[in-house]
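Peer 1: First the structure, which I've put down as structure tokens, then a few questions once you've had a look.
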Amino acid sequence: MYKGIAASPGIAMGKVYLFKEQEIKINQNKIDETQINTELTKYKQAIQKTKQQLIEIKDRVAEKMGEKKAEIFDAHIMILEDPTLMKQVENKIKDQLITAENAVNQVITELITVFENMEDEYMKERASDFKDIGTRIIKNILGIRIQTLTEVEEEVIIVAKDLTPSDTAQMDKKKVLGFATEMGGRTSHAAIMARSLEIPAVVGLSNITQKIKNKDTIIIDGNNGIVEINPDEKTLKHYQAKKQKYIQETNELKKLKDLPSQTKDGYRVELSANIGTPQDVKKALANGAEGIGLYRTEFLYMDRDSMPSEEEQFEAYKQVAQKMGGKPVIIRTLDIGGDKKLPYLQLPEEMNPFLGVRAIRLCLKHQEIFETQLRAILRASCYGRIKIMYPMVSTVEEIKKANQILNRIKKQLDKENIPYDKELEVGIMVEIPSTAINADIFAQEVDFFSIGTNDLIQYTMAVDRMNESLSELYDPYNPAILRLIKNIIDASHKAGKWTGMCGEMAGEPRAALILLGMGLDEFSMSAVSIPRVKKVIRSITKRQAEDITKKVLNMKSSVEICDYLDKELEKI
Ligand code: PEP
Ligand code: MG
């Protein structure tokens, strides 16, 4: 049995698909003249193999995602067979007496530098194509198997060191029963993705990829953060029974779907869902979401080789607004940076990306990206009840600058006679301590707040949210976090504004007790969590929740708080 962090609820069992790549080691030693022909042959065979692979991927992508997306692979094949490039590599092998992989690496690195230094944005972006091709050829020279999650053909459980957002975007969701990773905490994007797909996941399992082989049998218990490898008959039976029970419970809870999210004494809150794509709306509604409290638009920008156009974005936002049929939809503007990268946006490497040019900071530096997105959101705002939310705001000036741009776009649209919702609300995520502390000042500048506890905890506790070895410190129930949350809610109410929460904490049943007591207006979470939180809210009075909160705010440690909350939860 291996213990990790419970990242997405449910129990899954099946065959392992090990997503693990061998490290690339380039032999820098000189070769002697007798080896030249061997190295040249290795290179030529690698080119043929790479071409074959690219054609296969191209066909697969064309079939699954359309011809347009597959076109990029034609460009890759052209680069691969470029005669000048091939000559350069061959000359290096012959003249400098270096290995084939070393020659490819040198030629490609030189090319990447040339492209990265070009003025033209489009040409700059081509550097990542060369990087991709170069790595592919080198892996084929070295005989390293190249893996992508698009090639998963049967139902499997993915075991990986880490799954980046673009890895999960490539996955054929129907084939993946669950996943287990070495890296990441409950709020890593792999975990959030698993919850939105409603597949069980356990993260933070140290060295799991070394303890497991492809096709091993694995059980993932996403409720308790447990993984079993090649279980015996008894363990398998035990988990089959648990799985059945969990499915039954979930089905029972789903019956609450159309009942109001209100306390026993009739106090109403809004229960909303966090989504990443328009397709997620279906699950949100199936779980009884009364709105979308967070639409993470960055997924629209990932797993592709150029920015989505205004039209493409407009269509996606419009679809969500329409599918939600007049229920509120909070569209968060682009939150790129941190662990979410766009390969086609060549940004400088940063020492601490989570403290770097991320989200609104990036949008204010690259205003053309921001403007396109704002235009698309505004245009879509006529098709439902859209609100805009800026992420990672740390100063009031950022809101002012962002609003200036928004107003400029509104004026453009007015001029062009393009309609948009003139009453559209604009809010911010409160996920940085400076903003939480100064919530009273920020409340004057916005229509609403949404508390992003995933980041608020990491920045307040100085704990990387992805670092599994510090998961104990990454704690929503630390009194510092609870005090900040109370400060934010109180400040917004004093200014006549409302506050929601879209961090994962909003989906924890025991947190619901105190958030309700503090007067949180909207709870937004992974759709799967809605029924459980609704059950808590419907089982208590507002007064009871307030009493519980008062006691908790006088407690000094998270252990004391959690013990107390768990006991209260058992009573209701
Ligand atoms: C948060 O930080 O709480 C949040 C909801 O945003 P993300 O997880 O996308 O950073
Ligand atoms: Mg965040």
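Peer 1: Where does the charge balance sit around Ser206 when Lys and Arg score +1, Asp and Glu -1, over other residues with C-beta under 13 Å from its C-beta?
Peer 2: 0
Peer 1: Taking the Cα atoms only, what angle lies between the long axis of helix 36-65 and the longest principal axis of the chain, rounded to 10 degrees?
Peer 2: Computed tilt is about 40 degrees.
Peer 1: I want the local charge near Gly325. Using Cβ-Cβ distances under 14 Å, sum +1 for each Lys or Arg and -1 for each Asp or Glu among the other residues.
Peer 2: Values: positive: Lys282, Lys318, Lys323, Lys327, Arg385; negative: Glu290.
Neighbourhood net charge equals +4.
Peer 1: For the range 203-341, compute the orientation-averaged projected area of the C-alpha convex hull (one quarter of its surface), in nm².
Peer 2: Values: hull surface 51.2 nm².
For the range 203-341, the mean projected area of the Cα convex hull comes to 12.8 nm².
Peer 1: Step through the residues of the range 440-455 one at a time and calculate ³J(HN,Hα) from phi using the Karplus curve (6.51 cos²θ - 1.76 cosθ + 1.60, θ = phi - 60°), rounding each to whole Hz and writing x for Gly and Pro.
Peer 2: For the range 440-455, the Karplus curve yields 5, 6, 5, 4, 6, 9, 10, 8, 7, 10, 10, 7, x, 5, 4, 8 Hz.
Peer 1: Select from Ile409, Gly325, Ile138 the residue farthest towards the positive end of the dipole of the chain; place +1 on Cβ of Lys and Arg, -1 on Cβ of Asp and Glu, and compute about the Cα centre.
Peer 2: Checking the options against the dipole of the chain, the answer is Gly325.
Peer 1: So how tilted is helix 233-254 from the main axis of the chain? Cα-based, degrees 0 to 90, rounded to 10.
Peer 2: The angle comes out at about 50 degrees.
Peer 1: Once Lys and Arg get +1 and Asp and Glu get -1 on their Cβ, which of Pro433, Tyr267, Ala46 lies farthest toward the positive end of the dipole of the chain?
Peer 2: Farthest along the dipole direction, towards plus: Tyr267.
Peer 1: Roughly how many Å is it from the Cα centre of the range 418-476 to that of the range 50-105, as a whole number?
Peer 2: 44 Å
Peer 1: Further question on the same structure: Roughly how many Å² is the accessible area per residue of the range 1-89, as a whole number, for a 1.4 Å probe? All intermediate terms of the calculation are to be shown ahead of the outcome.
Peer 2: Working: 5530 Å² over 89 residues.
That works out to 62 Å² for each residue.
Peer 1: Quick check on packing: order 346-358, 441-453 by the mean number of other C-beta atoms within 10 Å, highest mean leading.
Peer 2: On the way: 346-358: 12.7, 441-453: 22.4.
The most tightly packed comes first, giving 441-453, 346-358.
Peer 1: Here's another thing I want to ask about it. Given Met302, Met183, Asn352, which one lies farthest toward the positive end of the charge dipole of the chain, if we put +1 on the Cβ of every Lys and Arg and -1 on the Cβ of every Asp and Glu?
Peer 2: It is Met183, whose Cα lies furthest towards the positive end.
Peer 1: Run a plain Debye calculation on the range 104-236 (Cα atoms as equal point scatterers, no solvent) and give log10 I(q)/I(0) at q = 0.16, 0.22 Å⁻¹, rounded to two decimals, same order as the q list.
Peer 2: Log-scaled intensity ratios, in q order: -0.90, -1.23.
Peer 1: Follow-up question, since we're still on this one. Using alpha carbons only, how many degrees (0 to 90, rounded to 10) separate the axis of helix 367-380 from the longest principal axis of the chain?
Peer 2: It is inclined by approximately 50 degrees.
Peer 1: Quick one: what are the phi-derived ³J(HN,Hα) couplings along the range 126-136, Karplus 6.51/-1.76/1.60 with θ = phi - 60°, whole Hz, x for glycine and proline?
Peer 2: 5, 4, 5, 5, 5, 4, 4, 5, x, 4, 4
Peer 1: Follow-up question, since we're still on this one. I'd like the Karplus ³J(HN,Hα) series for the range 343-351: coefficients 6.51, -1.76, 1.60, θ = phi - 60°, whole numbers in Hz, and an x wherever there's a Gly or Pro.
Peer 2: In residue order, the calculated couplings are x, 7, 9, 6, 9, x, 5, 10, 5 Hz.
Peer 1: Measure up Lys327/Lys401; Lys49/Lys139; Lys243/Lys535; Lys30/Lys139 against 18 Å on the Cα-Cα distance and list the ones that go over. Let's see the in-between values first.
Peer 2: Values: Lys327/Lys401 29 Å; Lys49/Lys139 10 Å; Lys243/Lys535 21 Å; Lys30/Lys139 20 Å.
Correct reply: Lys327/Lys401; Lys243/Lys535; Lys30/Lys139.
Peer 1: Of Lys3/Lys550; Lys68/Lys282; Lys341/Lys486; Lys20/Lys254; Lys25/Lys215, which ones are farther than 30 Å apart at the Cα?
Peer 2: Numbers: Lys3/Lys550 34 Å; Lys68/Lys282 26 Å; Lys341/Lys486 33 Å; Lys20/Lys254 37 Å; Lys25/Lys215 27 Å.
Where the Cα-Cα span goes over 30 Å, the pairs concerned are Lys3/Lys550; Lys341/Lys486; Lys20/Lys254.
Peer 1: Per the Cauchy relation, a quarter of the hull surface: what is the mean projected area of the convex hull of the alpha carbons in the range 33-142, in nm²? Display every interim value, and only then the final one.
Peer 2: Numbers: hull surface 28.0 nm².
The Cα convex hull of the range 33-142, projected and averaged over all directions, gives 7.0 nm².
Peer 1: Right, next: Suppose every Lys and Arg Cβ carries +1 and every Asp and Glu Cβ carries -1, with no other charges. What dipole size does the chain come out with about its Cα centre, to the nearest 20 debye? Before the final figure, lay out each step's value.
Peer 2: Values: 83 positive and 86 negative charges, 360 e Å.
The calculation lands at about 1720 debye.
Peer 1: How big is the gap, in Å, between the Cα center of the range 492-525 and the Cα center of the range 25-44?
Peer 2: Each part reduced to its Cα centre gives a spacing of 63 Å.
Peer 1: Given the rule -39500 (n - 2.57) for each run of at least 4 DSSP H residues, summed and divided by the residues of the chain, what is its mean residue ellipticity at 222 nm, to the nearest 500 deg cm²/dmol? Don't jump to the answer; show the numbers that get you there.
Peer 2: Values: 22 runs with 274 residues, N = 572.
Here the helix-only value at 222 nm equals -15000 deg cm²/dmol.
Peer 1: Taking the Cα centre as origin and putting +1 on Lys and Arg beta-carbons and -1 on Asp and Glu beta-carbons, what dipole magnitude results for the range 425-572, to the nearest 20 debye?
Peer 2: On the way: 17 positive and 22 negative charges, 138 e Å.
Once rounded to the nearest 20, the dipole reads 660 debye.
Peer 1: If you put +1 on each Lys and Arg Cβ and -1 on each Asp and Glu Cβ, how big is the dipole of the range 1-133 around its Cα centre, in Debye rounded to 20? Walk me through the numbers on the way to the answer.
Peer 2: On the way: 20 positive and 24 negative charges, 156 e Å.
Computed charge dipole of the range 1-133: roughly 740 debye.
Peer 1: Viscosity 0.692 mPa s, temperature 37 °C: what is the translational diffusion coefficient of the chain from Stokes-Einstein with a Kirkwood Rh over Cα pairs, rounded to a whole number of µm²/s?
Peer 2: Numbers: Rh = 25.7 Å.
Diffusion coefficient, whole number: 128 µm²/s.
Peer 1: Report the Cα-based extents of the range 265-570 along its three principal axes, largest first, to the nearest Å.
Peer 2: Taking max minus min along each principal axis of the Cα atoms, the range 265-570 gives 57, 45, 35 Å.
The values are calculated or read from the model by the stated rules, or taken from the named source; none is laboratory data. Everything numeric here is computed off the predicted structure, so don't read it as measured data. Every residue, glycine among them, receives a Cβ derived from its backbone with ideal geometry; neighbour counts consider all protein chains shown. The accessibility values were calculated without ligands, DNA or RNA, using every heavy atom of the protein model including side chains. Shrake-Rupley method; radii C 1.70, N 1.55, O 1.52, S 1.80 Å.
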